[in-house]
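Notes for the one structure printed next.
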């Protein structure tokens, strides 16, 4: 340790030095005897003050040992970890943390609120994309933060549909699908519809009698999705319409006979009219000479589809044949020169 004290002897400066166990002092003295006495008096007084000052420094100052310093505050530490970095949207991820040399911890970002100095908590990934979860632990003077970034994976979606759900047997239908956020799709449910499928596409299917189910399941990083559709194949309608005699003489009758299957109802038109049962027979006696048409239309089990049959009946004059025969004989007689038949 080096200590220098400036004192004044008379009007002249004096320098006193204490340095590591040695004491030395020196002064610039006046040469006149009278002033020398006064200077010596002042010099002794200054020396006395120097000794008091040096005594106050103690042995530590003389030995070079520094005075104790205040303690340096310890910075808090925090460690935040996640059970996994990615999860499907709607799933939970477990966060674990520990804070040391801290008095309190607070969450921010994807979570919030005051947290204990150590613990675990499940957090929900609510949206696709990255979400940052931060934990800050603080002492009286300092604070430290740690963060984890979690990625929400969107669940795959699937649009799966038929262009029609009810068809007549043999008719064609289109099955089409579009998936997003998926990596693979698998078809099942019907022998004609099975195996791996593209992520989007379409295919044509023929309706068969009965109900068939078609299923499609698509998987992706964010989970899986499945859809199913059904196709009902209805029997095609059939109809027969017959007449017992297609030509009758005026005043005579004929009979219509019909039979329909896989229909919801039948209606007569043209020469007859009104609703009719799916199966039946009916006697007809058209009065007017000439051709008469009879039509029967039956609706299929599938709305908007119908089947139709028609028959024709010719009504003739019963005397027309006799008249024609008489005229023929008259022409023959005239040709033979016999004259008209009386």
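Counting only strands (runs of 3 or more DSSP E) that sit wholly inside the stretch 258-317, those with at least 3 residues that are buried (at least 17 other Cβ atoms within 10 Å of the Cβ) are 263-270, 290-300, 306-316.
Right, residue 67: over 30 Å from residue 201 (Cβ atoms) and touching a strand residue (DSSP E or B) at 6+ places or on another chain (Cβ under 8 Å) or not? For residue 67, the condition - over 30 Å from residue 201 (Cβ atoms) and touching a strand residue (DSSP E or B) at 6+ places or on another chain (Cβ under 8 Å) - is not met. Residue 248 meets all of the listed conditions (1) in a strand (DSSP E or B); (2) surrounded by 13 or more Cβ atoms within 10 Å (Cβ to Cβ); (3) not assigned by TED's automatic domain parsing to the domain that holds residue 280 but one, namely (3). Among the residues that make up the stretch 205-212, is at least one of them in contact (Cβ under 8 Å) with a residue 40 or more places away in the chain, in a loop (DSSP other than H, G, I, E, B) and more than 27 Å from the chain's Cα centre (by Cα)? Yes, some residue in the stretch 205-212 is in contact (Cβ under 8 Å) with a residue 40 or more places away in the chain, in a loop (DSSP other than H, G, I, E, B) and more than 27 Å from the chain's Cα centre (by Cα). Screening residue 235 on (1) in contact with a strand residue (DSSP E or B) (Cβ under 7 Å, 6 or more places away or on another chain); (2) over 30 Å from residue 217 (Cβ atoms) shows it passes everything except condition (1).
For the stretch 84-159, which fully contained strands (runs of 3 or more DSSP E) count at least 1 residues that are under 30 Å from residue 217 (Cα atoms)? Filter on the stretch 84-159 gives 86-88, 92-100, 118-124, 129-138, 143-153. On inspection, residue 210 does not qualify as crowded, with 16+ Cβ neighbours inside 10 Å and not assigned by TED's automatic domain parsing to the domain that holds residue 307.
The condition of being modelled with pLDDT under 90 and in contact with a strand residue (DSSP E or B) (Cβ under 7 Å, 6 or more places away or on another chain) holds for only one of 318, 303, that being 318. Do we find a residue being assigned to a loop (DSSP other than H, G, I, E, B) and within 30 Å of residue 91 (Cα to Cα) anywhere in the stretch 161-177? Checked against the condition, which is being assigned to a loop (DSSP other than H, G, I, E, B) and within 30 Å of residue 91 (Cα to Cα), the stretch 161-177 yields no hits at all.
The values are calculated or read from the model by the stated rules, or taken from the named source; none is laboratory data. Fair warning: this is a prediction, and the values are worked out from it, not measured in the lab. In this analysis, Cβ positions are derived from the backbone assuming ideal geometry, glycine residues included, and neighbour counts consider all displayed protein chains.
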